[in-house]
């Protein structure tokens, strides 16, 4: 059985750290921002262009707009927007990771990309607002006001990006096999619960 | 720390059995249909009246309609619909269980009733359609067509009942601390994962 786990998460929920812990425990690679670099390398898009597209996703209006503005080989059917091109490049990278059969992938609609692989386990990590704010203040040194602003912006960006590319609803339980409130159990505890889920799946198989 | 776990579930996901397993492992009472009887006893409503209200919930239209038709002390402000009266009676019973501090409560909007108690752990159990159908055929001996029909009817009833009384959305991850796809891990596995979650919560506290 493959060891592929995708992690979607609310900003400040500790989902990235949970992913790191699981990758360490399972002895498999962690794929996070690296995916962008790998995708960029394959697509020929520069890091700057990619980060700009990511920022645009924070506003659904500008994201939809820039996704609609096409560039490419002229006016032919091959014209494709920059956001689409980036998404497809990441799509290929994630598909390849899925084929290799092991890894923890954080974000990037990986649950959607790998939706037809029954071996993949999709996890959603979320938390209580007060706890997410506390975590961000500790981790990033931001003020409470800054954290609240970032939290709204990033979660909106993740929702926009996910909903736009997948025609699914970010956070809908049907997309995931396990959803965990990390505020009650912490990052180590969430990793424990996910590992227990993986072990239970092996026992059942 | 209290041992109160609420279980909401899709029809056929095995959520009731998972609740039973957890109650056995924790050595606490399981509250299911019994709640209705207890509520009925307190409210003075007959079992027949209560079951009729439950059935009405299967159609959102007739449920909303009958909830709006009031009966009571005349035309005064005290008039209250039968469905409201039943819900409030169950509300009181669940509140009392919460105060006693231990038990597994299946269904009945218990997560909503006990929403202000930080000790309560709310779980949502769901599953893959094929697996839920298989489980229902095995457990109830229904045909596949019967199961599909019941599945749609009961899940609709649960959604209507929950959304009507709580002004929340049934299945929305924010209502729960843990959501599990039982198809990947089975009923025993789901109980293992929930118990690991409870243990992780105690370690963190």
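Quick notes on this one:
- Cα long-axis angle, helix A:129-140 against chain A (0 to 90 degrees, to the nearest 10): 70 degrees
- More than 23 Å apart - percent of Cα-Cα pairs taken over chain A: 47 percent
- Estimated inter-spin distance, residue A:199 and residue B:146, nm [label 7 Å along Cα→Cβ]: 4.0 nm
- Comparing mean-square fluctuations of B:32, B:111, B:172 from a GNM of chain B with C-alpha springs under 10 Å, the top value falls on B:172.
- Taking only the Cα atoms of the protein assembly as shown, the radius of gyration and Dmax are 23.5, 76 Å.
- Rounded to the nearest 10 degrees, the angle from helix B:15-26 to the longest Cα principal axis of chain B is 70 degrees.
- For residue A:33, the label point sits 7 Å beyond Cα toward Cβ; its separations from the matching points on the remaining copies run 5.7 nm, from shortest to longest.
- Extending 7 Å from Cα along the Cβ direction at residue B:154 and again at residue A:159 yields two label points whose distance is 3.2 nm.
- Cβ neighbours within 10 Å from other chains - mean over B:188-199: 5
- Chain A: relative contact order as a whole-number percent, Cα under 8 Å and 6+ apart: 34 percent
- Across the copies of the chain, residue A:139 has label points (7 Å from Cα along Cα→Cβ) spaced 3.7 nm apart, shortest distance listed first.
- In this structure, residue A:24 and residue B:52 have a Cβ-Cβ separation that, at R0 = 41 Å, corresponds to a calculated FRET efficiency of about 0.15.
- Taking A:147, A:125, A:104 as the candidate residues, the one with maximal mean-square fluctuation in a Gaussian network model of chain A, Cα springs under 10 Å, is A:147.
- Averaged over peptide A:117-125, the number of partner chain Cβ atoms lying within 10 Å of each residue's Cβ comes to 1.
- Convex hull (Cα only) mean projected area of the stretch B:84-203, reported in nm² to one decimal: 8.4 nm²
- Copy-to-copy label separations for residue B:153, where each label sits 7 Å from Cα toward Cβ, in nm and ascending: 5.3
- Shielding by partners, peptide B:171-180 (average Cβ within 10 angstrom, other chains): 6
- Between 0 and 90 degrees, the angle of helix B:82-100 with respect to the longest Cα principal axis of chain B falls at about 40 degrees.
- Relative to the current alpha-carbon distance between residue B:1 and residue B:100, full extension at 0.36 nm per residue lengthens the span by 34.5 nm.
Each reported figure results from applying straightforward, stated rules to the coordinates on display, with no laboratory input. Just so we're clear, the structure is a prediction, and the values are computed from it rather than from any experiment. Quick reminder, even Gly has a Cβ in these numbers, built from the backbone with ideal geometry, and neighbours come from all protein chains shown.
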